[in-house]
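*Asks:* If you scroll down you'll find the structure; I have some questions about it.
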Amino acid sequence: MASMRDIKRRKESVTSTQQITKAMKLVATVKLQKARGKAESNKPYFTTLYDTICSVLALTKNVDHKYIKESESKKKALIVITSNRGLAGGYNSNMVKLIANENKDKFPKEDTYVYAIGKKGIEGLTRKGFNIHKDYSEVINAPLYSDAMEISKELLTQFEMGEIGEIYLAYTNFKNTVSQEPKLIKLLPIDPGEFVPEGHDERIQMNYEGSSSGLGDFQPFMSGLDDSENEEAVLDQVIPNYMRSIIYGAFLEAVASENGARMQAMDSATSNAEEMIADLSLMYNRARQGAITQELTEIIAGAEAIS
C-alpha cells in the first residue's frame with residue numbers, strides 16, 4: 001500500500017490538474033459562444049447563395065462550363081481543417097480517420113494534394129503517409145473571409161489550368177455542444193444534381209414551368225452577350241462565391257466544433273479528477289487510520305511490557 005506521503009502528493013497533483021481543466025473548460029465555453037454566433041450569422045448569406053445556385057443550375061442543365069464538366073486530371077486537392085492544439089477529445093483524430101481510413105480509396109496518397117489547416121491534422125496525416133502540399137495552420141487561429149478567398153483563388157487557378165481535377169473539403173460540422181460530425185464534401189466540379197434544396201424543388205419548377213430554356217432571365221446580367229455567354233458569366237461569378245462561402249463557413253463550423261469538443265473533454269477530465277480525488281481521500285484516510293491503529297498497538301504493547 002502506498003504511503004500517506006505518496007497519496008498526499010498524488011492528491012495534490014490531481015487537484016492542480018483539476019483546476020487547469022476547469023479553467024480550460026471555461027475558456028472553451030466562452031470561445032464556443034463566440035464561434036457559434038459567427039457560424040449562425042454566416043448561414044443566411046450561405047442559404048441565399050445556395051438557393052441562387054439552385055435557381056441558376058435549374059436553368060442551365062445543358063451548359064458546358066469549366067466548373068461543371070469533368071477534368072482529365074487525376075490529381076485531387078483536399079482541404080483538411082483541424083486544430084493547432086490538442087486536448088479536444090476525438091476532434092482531430094476523427095478527421096484523420098475520415099480521410100485515411102473511411103475514404104482511403106478515394107484519396108490515393110500519390111494523387112492527393114493536402115491543403116492542411118491545423119497542425120494536428122498535419123501530424124496525423126503525415127503519419128498516415130500523406131504529403132502536405134500547403135500549410136495554412138495559422139488561418140484557424142482567427143479565420144477571416146479573406147483567408148477563404150486566398151485559398152479558393154489558388155485552388156480555382158489550379159483547377160482551371162488542369163493541374164487538379166477535383167477539389168474536396170473535410171471539416172467538422174457543429175451540430176450542438178455535445179455533437180460534432182466530421183464531413184467530407186466535393187467542391188469542384190459542381191454536380192448540378194446535388195443542388196436541389198429540400199422543399200424548394202417545387203418552387204423552382206413553378207418559376208420556370210413552360211420555359212424551354214429560361215435564358216431570358218440572364219439577359220440583364222451583362223448586356224452585349226448572347227445566351228450562352230450570359231450563362232457562363234453568371235456561373236463565373238456565382239460558383240467562386242459559393243466556394244469561398246463554403247470554405248469560410250467550414251472555418252467557423254470547425255472553430256465551434258473544436259471548442260465544443262474541448263469543452264466536453266475538459267468537463268470529462270474535471271469529473272474524472274473529482275472521482276480520483278475522492279478515491280485518494282479514501283485511501284489517505286484508510287492509511288492514516290492504519291497508521292494510528294499501529295501506533296496505538298505499539299503503545300499498548302510497550303505499556304504491557306513495562307508492567
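*Asks:* Filter region 167-189 for residues that are surrounded by fewer than 21 Cβ atoms within 10 Å (Cβ to Cβ) and closer than 18 Å to residue 235 by Cβ and give the result.
*Replies:* The answer is 186, 189.
*Asks:* Tell me, yes or no, whether region 11-21 has at least one residue that is in contact (Cβ under 8 Å) with a residue 12 or more places away in the chain, in the same structural domain as residue 274 (by TED's automatic domain parsing) and under 25 Å from the mean Cα position of the chain (by Cα).
*Replies:* Yes: region 11-21 contains one or more residues that are in contact (Cβ under 8 Å) with a residue 12 or more places away in the chain, in the same structural domain as residue 274 (by TED's automatic domain parsing) and under 25 Å from the mean Cα position of the chain (by Cα).
*Asks:* Oh, and also: Starting from region 48-66, take each residue that is of a type in the set (Phe, Trp, Tyr) and list its partners that are at pLDDT below 65, counting only C-beta distances under 7 angstrom and pairs at least six apart or across chains.
*Replies:* 50/197
*Asks:* Would you mind finding the one in 224, 210, 199, 216 that is more than 30 Å from residue 89 (Cβ to Cβ), among the small types (Gly, Ala, Ser), part of a helix (DSSP H, G or I) and at pLDDT below 90?
*Replies:* Result of the check over 224, 210, 199, 216: 216.
Residue by residue, here is whether (1) outside any helix (DSSP H, G or I); (2) closer than 17 Å to residue 142 by Cα; (3) modelled with pLDDT of 75 or more holds:
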position: 30; (1), (2), (3): no, yes, yes
position: 45; (1), (2), (3): no, no, yes
position: 55; (1), (2), (3): no, no, no
position: 65; (1), (2), (3): yes, no, yes
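*Asks:* Taking the options 286, 262, name whichever one is among the basic types (Lys, Arg), under 30 Å from residue 25 (Cβ atoms) and either modelled with pLDDT of 85 or more or not assigned by TED's automatic domain parsing to the domain that holds residue 181 (or both).
*Replies:* Result of the check over 286, 262: 262.
*Asks:* In addition: Scan region 115-138 and tell me whether some residue there is surrounded by 15 or more Cβ atoms within 10 Å (Cβ to Cβ), of a type in the set (Lys, Arg) and part of a helix (DSSP H, G or I).
*Replies:* Within region 115-138, one or more residues are surrounded by 15 or more Cβ atoms within 10 Å (Cβ to Cβ), of a type in the set (Lys, Arg) and part of a helix (DSSP H, G or I).
*Asks:* Taking the stated definitions as given, is residue 170 modelled with pLDDT of 95 or more and either assigned to a helix (DSSP H, G or I) or not aromatic (Phe, Trp, Tyr) (or both)?
*Replies:* Yes.
*Asks:* Looking at 2, 39, 88, which is the one that is buried (at least 17 other Cβ atoms within 10 Å of the Cβ) and not in a helix (DSSP H, G or I)?
*Replies:* 88 is the lone residue from the list that is buried (at least 17 other Cβ atoms within 10 Å of the Cβ) and not in a helix (DSSP H, G or I).
*Asks:* Let me ask something else. Condition check: surrounded by 22 or more Cβ atoms within 10 Å (Cβ to Cβ), in contact (Cβ under 8 Å) with a residue 24 or more places away in the chain, more than 22 Å from residue 28 (Cβ to Cβ) and in contact with a Phe, Trp or Tyr (Cβ under 7 Å, 6 or more places away or on another chain). Does residue 164 satisfy that?
*Replies:* Yes: the conditions hold for residue 164.
*Asks:* Follow-up question, since we're still on this one. Is it the case that residue 229 is assigned by TED's automatic domain parsing to the domain that holds residue 103, surrounded by fewer than 16 Cβ atoms within 10 Å (Cβ to Cβ), over 30 Å from residue 40 (Cα atoms) and modelled with pLDDT of 50 or more?
*Replies:* Here the answer is yes, as residue 229 does meet what is asked.
*Asks:* Okay, moving on. Looking at 105, 111, which one is of a type outside the set (S, T, N, Q) and either in contact (Cβ under 8 Å) with a residue 24 or more places away in the chain or under 15 Å from residue 164 (Cβ atoms) (or both)?
*Replies:* That would be 111, the only listed residue that is of a type outside the set (S, T, N, Q) and either in contact (Cβ under 8 Å) with a residue 24 or more places away in the chain or under 15 Å from residue 164 (Cβ atoms) (or both).
*Asks:* Another question, then. Do we find a residue being of a type outside the set (Val, Ile, Thr), in contact with a His (Cβ under 6 Å, 6 or more places away or on another chain) and in a strand (DSSP E or B) anywhere in region 98-114?
*Replies:* yes
*Asks:* Quick check: is even one residue across region 267-278 buried (at least 23 other Cβ atoms within 10 Å of the Cβ), part of a helix (DSSP H, G or I) and not β-branched (Val, Ile, Thr)?
*Replies:* Among the residues of region 267-278, not one is buried (at least 23 other Cβ atoms within 10 Å of the Cβ), part of a helix (DSSP H, G or I) and not β-branched (Val, Ile, Thr), which makes the answer no.
The values are calculated or read from the model by the stated rules, or taken from the named source; none is laboratory data. Source: prediction; values computed, not measured. Every residue, glycine among them, receives a Cβ derived from its backbone with ideal geometry; neighbour counts consider all protein chains shown.
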